[in-house]
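Trainee: First the structure, which I've put down as structure tokens, then a few questions once you've had a look.
Every number in this text was worked out from the coordinates using simple rules, so none of it is lab data. Here the structure is a predicted model, which is why all the values come from computation and not from measurement. Note that we place each Cβ from the backbone using ideal geometry, even for glycine, and neighbour counts take in every protein chain shown.
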Amino acid sequence: MFKRAVLVVGVALAAVSFGGRALAHDFTIDQRCEDGWRFLMAILHNDPLGQEFVPQMSSLDVVEVYMGIGSNPLSSATVAVRIRSQTIDGPVLATSNGVTFEYPSPISYRHFDFPSSVALIPGELYVIEVIQVAGTGNAYLAGTSNLYAPGRFLVGNQFSEAEDLIFREGPTLPLPTRTSTWGQIKALYR
Ligand SMILES: [Ca+2]
């Protein structure tokens, strides 16, 4: 029991020390479009911006999008991700925690967590909408050619069959479970 209590305290301290920053963690990737970027799209000047996807799993906890922030050294941008049903103006099923990026934040996979697990119906169409909720920095999304067949890239209420955003999404990995025999437990206290 003591060992377990120490472990829990350690995790709590680690969480506090990261403050409000998004802490990337492992998750199971369900849908993905991964590539080097071929175009960049500033959120503030092109919204709404999104990407259709068709999950094969029944929930998601994480969306990662390939993005960065340019502009000037004094700028920052707070960005969040919405999950919508069917279309870019469809019902909002969930909104992720906001993540603030300070200049310079080079293009890389940026991690967005949701306050609670988002229930999805496998095979249905959903949209990842990326929004800039605060800051004047130029947060931009990175995309590529049409490498994700199940969905389209959405920009300014239009869609593109020729391009996709670079993204990945899925549920958090289940915690590994360990089975202990009574003999192993007794051995800890000898
Ligand atoms: Ca596509």
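Trainee: For ASN46 and ALA134, compute 0.36 nm times the residue count separating them, minus their Cα-Cα distance, and round to one decimal in nm.
Mentor: Contour length minus the Cα-Cα distance gives 30.1 nm.
Trainee: How far apart, in nanometres, would the label points at ILE121 and SER85 be if each is projected 7 angstrom from Cα along the Cα-to-Cβ direction?
Mentor: Using points 7 Å along Cα→Cβ, the separation is 0.8 nm.
Trainee: Now for a separate question. Note down the net charge around LEU120, summing +1 for each Lys or Arg and -1 for each Asp or Glu among other residues with Cβ under 12 Å from its Cβ.
Mentor: -3
Trainee: Could you order peptides 116-125, 86-95, 62-71, 27-36 by the average number of other Cβ atoms within 10 Å of their residues, highest first?
Mentor: The packing order, highest mean first, is 62-71, 27-36, 86-95, 116-125.
Trainee: Of the listed peptides 99-108, 133-142, what is their order by residue-averaged count of other C-beta atoms within 10 Å, with the highest listed first?
Mentor: 133-142, 99-108
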